[in-house]
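Read the figures in this text as sums done on the coordinates, not as results from a lab. None of these values were measured; they are calculated from a predicted model. Here the Cβ positions follow ideal geometry from the backbone for every residue, glycine too, while neighbour counts run over all protein chains shown.
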Amino acid sequence: MLWKGRRESDNIEDDRGGGGFGPAGGDGGFRLPGGSFPGRRGGGMSIGTLIVVGIVLWLLGINPLVLLDGQFASAPTSSDSYQAPRRPAGPDEMKDFVATILGSTEDVWSAIFAAAGQRYKPTPLRLFSGSIQSACGAASAASGPFYCPGDGKVYIDLAFYDELRRRFNAPGDFAQAYVIAHEVGHHVQDLLGILPAFNAKRRTMSEADANAYSVRIELQADCFAGVWGAHVAKEGWLETGDLDEALNAASQIGDDTIQKRTQGYVVPETFNHGSSSQRQRWFKKGYAAGDINACDTLSARTL
């Protein structure tokens, strides 16, 4: 990606090395109905195991609805586990990258909302290492990237990217950007009233129905990431191979691929993020259209 030298967001909160579990800092004219949000849990393991487990939980294993009620449960790491590194004293390219990608999502979604006669409220992105406290509860490195509707913030431990590259075979800066764009997609759903609407009605749904609906919500966030990708592509951000990086990441983190890797077999009824082919398909739909209205996964007959 040709990201260097572009505008960086001012909405970055850097809590790396900040002491662990401290205090955490509508509707409108779109033709989109209304979702869920993935929950995560953690434990006291080594950093490698923590993050791998966290990615798996993030992608498929934990009830994806718990964050909507603020029931995000996670334990701090144990004394023999990973210790959070201090914030870098010198140049911090990874932070610059994240700030630049977040800035691009702000520009893209501000323009999309303005075209619909609405105002986009940007989400802050909070960097942490080891552990953090969000309005949705306590998170550890195992949480993976997540969006908390309770405070409207995106959270990420940058060590996630190394695990995504090494253990999940999804390298590349556009793959990393896709992760942020997906979480910002959840923020867009929150602003549009999609997450609150599902939270209100899910209490009457069976677990199977709630999981099925969660898949639709996650695929919509993938599609929203594709819409963002289409806009930055027009602005000349992308290089040869970048789109393939995002599509590969979408494939590597599909529920079926993760289940095959971790347990050797696939249980479709437990999916809550979507299969590899579904995640690729909806990212590509958003990317091809560059239009939020191409992302109506909630009423689509087939995914």
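Reachable lysines from Lys95, Cα under 17 Å, same-chain residues fewer than 8 places away excluded?
Correct list for Lys95: Lys4, Lys153.
Let's see if you can work this out: charge +1 on each Lys and Arg Cβ, -1 on each Asp and Glu Cβ, no other charges. What is the dipole magnitude of region 104-249 about its Cα centre, in debye to the nearest 20? Provide the component values of the computation, followed by the final result.
Details: 12 positive and 18 negative charges, 120 e Å.
Its charge dipole is roughly 580 debye.
Check which residues have an amide H placed less than 5 Å from Lys153's amide H, if you skip close sequence neighbours.
Amide H neighbours of Lys153: Cys148.
Contour minus end-to-end for Glu93 and Asp162, with contour as 0.36 nm per residue of separation and end-to-end as the Cα-Cα distance? Each step should come with its number before you reach the end.
Numbers: separation 69, 0.36 × 69 = 24.84 nm, distance 1.43 nm.
Answer, rounded to one decimal: 23.4 nm.
What are the ³J(HN,Hα) couplings of region 146-156, residue after residue, when phi is run through the Karplus curve with 6.51, -1.76, 1.60 and θ = phi - 60°? Round to Hz, x for glycine and proline.
With coefficients 6.51, -1.76 and 1.60, one gets 7, 10, 10, x, x, 10, x, 10, 9, 10, 8 Hz.
Amide H to amide H, which residues 5 or more places from Asp14 or on other chains are under 5 Å from it, using H placed in the peptide plane?
The list, which skips near neighbours in sequence, is Leu127.
Determine the shape class of region 103-184: with a ≥ b ≥ c the square roots of the Cα gyration tensor eigenvalues, call it rounded for a/c under 1.5, and otherwise prolate if a/b is greater than b/c, oblate otherwise. Kindly include the intermediate steps, with their values, before the conclusion.
Values: a/c = 3.26, a/b = 1.39, b/c = 2.34.
Judged from the Cα gyration tensor, region 103-184 comes out oblate (a/c at least 1.5, b/c at or above a/b).
Rounded to the nearest angstrom and ordered from largest down, what semi-axes does the equivalent ellipsoid of region 96-240 get from its C-alpha gyration tensor (root of 5λ)?
Values: eigenvalues 110, 88, 48 Å².
Taking √(5λ) for each eigenvalue gives 23, 21, 15 Å, largest first.
Taking 8 Å as the Cα distance limit and 6 or more residues as the minimum spacing, I'd like the relative contact order of region 173-276 as a percentage.
Numbers: 91 pairs, mean separation 39.8, N = 104.
Normalised by residue count, the contact order of region 173-276 is 38 percent.
Between Ala289 and Asp151, what FRET efficiency comes out of the Förster formula 1/(1 + (r/R0)^6) with R0 = 22 Å and r the beta carbon distance, rounded to 0.05? Can you show the working numbers first?
Numbers: r = 31 Å, r/R0 = 1.41.
For Asp151 and Ala289, the calculated efficiency is 0.10.
Distance in nm between label sites at Ala233 and Lys121, each 7 Å beyond Cα in the beta-carbon direction?
3.2 nm
Compute the Cα gyration tensor for region 156-303, then decide on rounded, prolate or oblate, letting a ≥ b ≥ c be the square roots of its eigenvalues: rounded whenever a/c is under 1.5, prolate when a/b is larger than b/c in the other cases, and oblate in all that remain.
Working: a/c = 1.79, a/b = 1.19, b/c = 1.50.
Oblate, since a/c reaches 1.5 and b/c is not below a/b.
Placing +1 on the Cβ of each Lys and Arg and -1 on the Cβ of each Asp and Glu in region 137-294, which of Phe168, Thr204, Ser214 has its Cα farthest towards the positive end of the resulting dipole?
In region 137-294, that residue is Thr204.
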